[in-house]
Amino acid sequence: MTTSNKHPDAPWRNFYGRIRGKTMKASQETYLQEDLDALSPGAVDWDVNPDRLPLDIEALTEGKPLWLEIGFGGGEHLVHQAVTYPGAHIIGCEPYMNGVAMLLGKIRQSEATNLNVHPGDVRNLFDVLPTACLDKAFLLYPDPWPKKRHHRRRFVTQEHLEPLARVLKPGAEFRVATDIPDYVRQTLIEVPKAGFEWRAECPEDWRTPWSDWISTRYEQKALREDRTPHYLTFRRL
């Protein structure tokens, strides 16, 4: 799919993937109608913020460290982190509305209050995040785009990594999990180019999940299909 932002001054940005599945439960439609607006981090998209004014991070987080999960899937990891770390504030970004609805249901169950949700393209969010405002970022089981001609659609390209680097504080952590060996290769090539260092010192550092990890449905699918998860930790220089 190719889309542009709904404003004449907005840059043209290709977006590939689904925005909405064929079916959604009635309860999930209710979550979207009743809960989503209140969880917005602020004016993100071009149609509501054409001047690209930065978000008021202090008001949003009340002084807490700010984390970002890019493409949260069904939201299990995002909610787990929010509940585990009430002293942090987390923004989740996901364009697939069925996944957003799943997250909203989990938020209701957990009663977590230290998070926000942007249901759209993370590049629009990068536009309005102030420089060096994030303490941590997660990219977990991103769309692998396995065909070689589609590798430019992956998140681990400079189009995405350079703005991510801009909004991460020096020393901030960037976690990447994937079960696709070629995605690992591209990640290890491209992420350091954007101003990061890989923290691994031995093979166990990328074979062993983080101590606060919760296995997602995407990881469980990978394990069922006999694919090996990789856990890559980078530090913003």
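The values are calculated or read from the model by the stated rules, or taken from the named source; none is laboratory data. None of the values given here were measured: they were computed from a predicted structure. Heads up, the Cβs are rebuilt from the backbone with ideal geometry, glycines too, and the neighbour counts pull from every protein chain shown. Accessible surface is based on the protein model in full, side chains and every heavy atom, while ligands, DNA and RNA are left aside. Shrake-Rupley method; radii C 1.70, N 1.55, O 1.52, S 1.80 Å.
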>> Filter segment 73-100 down to the residues that are part of a helix (DSSP H, G or I), touching a Lys or Arg at 6+ places or on another chain (Cβ under 8 Å) and more than 18 Å from Thr61 (Cβ to Cβ) and list them by number.
In response: Glu76, Met97, Asn98
> If you check Pro50 against the conditions, is it surrounded by fewer than 19 Cβ atoms within 10 Å (Cβ to Cβ), touching a helix residue (DSSP H, G or I) at 6+ places or on another chain (Cβ under 7 Å) and not in a helix (DSSP H, G or I)?
Replying inline: no
>> So the check is Cβ under 6 Å with 6+ separation or different chains; which pairs have a first residue in segment 54-79 that's hydroxyl-bearing (Ser, Thr, Tyr) and a second one that's not in a loop (DSSP other than H, G, I, E, B)?
In response: Thr61/His89
> Can you pull out the residues in segment 86-105 that are touching a strand residue (DSSP E or B) at 6+ places or on another chain (Cβ under 6 Å) and buried (at least 21 other Cβ atoms within 10 Å of the Cβ)?
Replying inline: His89, Ile90, Ile91, Gly92, Cys93
> Quick one: would you say Arg108 is of a type in the set (Lys, Arg), open to solvent by 20 Å² or more (accessible area, probe 1.4 Å), assigned to a helix (DSSP H, G or I) and at pLDDT 95 or above?
Replying inline: yes
> Can you name the condition, by its number, that Val176 falls short on among (1) β-branched (Val, Ile, Thr); (2) open to solvent by 40 Å² or more (accessible area, probe 1.4 Å); (3) part of a strand (DSSP E or B)?
Replying inline: (2)
